[in-house]
Amino acid sequence: MEYVVRLTRTLPAAAGVAALLLTAACGSGSGGSSATGLNPPDLKAPAKLGKTEGQVNLVAWAGYVEDGSNDPKVNWVGDFEKQTGCQVHSKVAASSDEMVKLMKTGEYDAVSASGDASLRLIASGDAAPVNTALVPNYKDVFSGLKKGAWNSVKGQMYGIPHGRGANLLMYNTEKVKPAPTSWSAVFDDAAKYKGHVTAYDSPIYIADAALYLRATRPELKIKNPYALDQKQFDASVALLKKQNADIGEYWSDYLKEISAFKSGDSVVGTSWQVIASLTAGEGAKIKAFVPKEGSTGWSDTWMVSAKAKHPNCAYKWLDWIVSPKVNAQVAEYFGEAPANSRACALTSDKNFCDTYHAADEGYWKNIAFWNTPIEQCLDGRTDVRCVPYAKWVQAWTEIKG
């Protein structure tokens with residue numbers, strides 16, 4: 001199976017976008033979610049579906065909307081069009097920032113948003129609440145993907161979960177000994193592998209440092225790695241500046257990471273399961289796992305635009321893309337854990353879901369899924385302001401020098 005991997009899962013680089021979210025999310029105290037402080041516009045989900053409109057316009061990550069044009073053997077759009085009469089028009093987005101901008105145009109009906117984009121779309125009113133009763137396959141979605149901080153507010157879902165993945169610690173088993181059990185291998189102990197440590201190239205990586213400090217420096221009282229007050233944020237940035245001296249390469253292109261581990265240029269660092277599988281498949285002696293502190297990760301959600309011109313076809317697509325057979329196809333092609341619990345029985349690789357821990361909810365409880373840092377602390381604190389994402393962007397530039 002050929003994998004199509006998203007080369008970047010980055011949050012928006014523009015400070016203005018973070019400011020936009022801040023404006024939408026703050027000052028709503030009692031009315032919003034106790035977890036996020038969000039108070040989205042009062043939009044209503046449809047009570048029932050009507051006649052399909054004949055087409056649907058989608059914004060998606062590469063590999064999510066395949067019609068056979070990239071690979072004749074990979075096509076789950078064709079059958080959808082035949083069964084529903086909804087012709088699919090899709091645009092691939094390279095980043096969450098681009099997804100948000102495209103959805104604001106009102107030209108697209110649905111989007112496959114990662115956690116950072118989904119929160120912004122909810123806060124700004126660009127994404128509508130979803131009536132999950134109109135998506136029959138929703139009932140089979142793993143419980144750990146439902147009503148998350150990144151796809152719901154006060155128990156109201158704003159989309160249909162699509163898939164998920166964890167950020168792993170990958171290491172060369174011949175050069176990194178003893179086998180690591182902690183993220184200390186890339187932080188406090190990184191000097192042991194100076195010049196051969198790799199890290200994900202994105203401001204969101206600051207959350208990885210915060211997650212490590214949550215476990216190793218309890219006096220900082222970090223609860224949520226995406227909700228950092230100034231002291232917590234400064235400590236995370238300081239750790240990453242220290243790590244920078246030992247970094248050989250920051251990566252965003254998975255092919256470069258595979259090459260670096262094969263050549264020995266990198267021996268330890270962050271990775272994804274699909275990268276680990278491909279790297280091992282090319283003969284590199286590696287292992288990848290979630291360290292004892294847990295990890296960060298990502299979860300994607302198909303969301304319907306509040307301005308959708310083809311909402312009925314959009315709902316048909318949401319149900320189709322999370323149906324067992326199609327969800328299995330997407331998961332294998334893309335390289336992620338499927339959202340539908342029945343998809344695992346339909347993957348061509350019968351060990352696929354075990355490898356990706358698809359049904360292991362205990363595994364996912366240790367994953368802090370990406371979210372967008374805002375001044376209204378996502379951990380519920382009201383006595384302090386948290387550092388918004390615009391500051392994360394600035395700090396990342398300083399960290400890398």
Q) Within straight cross-link reach of K241, meaning Cα distance under 16 Å, which lysines are found once same-chain residues fewer than 8 apart are removed? A) K194, K231, K391, K400
Q | q = 0.15 Å⁻¹, the stretch 110-211: log10 I(q)/I(0) [Debye, one scatterer per Cα] | A | -0.76
Q: Fewest Cβ neighbours within 10 Å first, please rank M157, M99 accordingly.
A: M157, M99
Q) Membrane-span-like helices in the chain: DSSP H runs reaching 18 Å or more (Cα, own axis), mean Kyte hydropathy at least -1.0? A) 230-244
Q. From the Cα gyration tensor of the chain, with a ≥ b ≥ c the square roots of its eigenvalues, which class applies: rounded if a/c is under 1.5, or else prolate if a/b is larger than b/c, or else oblate?
A. oblate
Q | Given charges at beta-carbon only (K, R positive; D, E negative), |dipole| of the chain in Debye | A | 720 debye
Q. Considering the Cα trace of the stretch 183-290, what is its radius of gyration and what is Dmax, both in angstroms?
A. 14.3, 44
Q) Once you have the alpha carbon radius of gyration of the stretch 250-401, what is it after dividing by 2.2 N^0.38 Å, with N set to its residue count? A) 1.28
Q.
Can you give me the C-alpha center-to-center distance between the stretch 79-135 and the stretch 337-372, rounded to a whole angstrom?
A. 22 Å
Q: With N set to the residue count of the stretch 234-293, report its C-alpha Rg divided by 2.2 N^0.38 Å to two decimal places.
A: 1.23
Q: Using the Kirkwood radius over Cα pairs, work out the Stokes-Einstein diffusion coefficient for the stretch 270-324 at 20 °C and 1.002 mPa s, in µm²/s as a whole number.
A: 144 µm²/s
Q: If a/c stays under 1.5 just call it rounded; otherwise compare a/b with b/c (prolate if a/b is bigger, oblate if not). Do that for the stretch 296-335, with a ≥ b ≥ c from the square roots of the Cα gyration tensor eigenvalues.
A: oblate
Q. Fewest first, what order do S118, S90, S299, S69 take by the number of other Cβ atoms within 10 Å?
A. S69, S90, S299, S118
Q) Hey, fewest Cβ within 10 Å first, where do S184, S112, S348 land in order? A) S348, S184, S112
Q) Which whole-number percent gives the relative contact order of the chain, counting Cα pairs below 8 Å spaced six or more residues apart? A) 27 percent
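Values quoted throughout were computed directly from the atomic coordinates according to the rules given, and no laboratory measurement underlies them. As the structure is a prediction and not an experimental result, all values here were calculated from the model. Don't worry about glycine lacking a Cβ; one is built from the backbone with ideal geometry, like all the others, and counts go over all protein chains shown.
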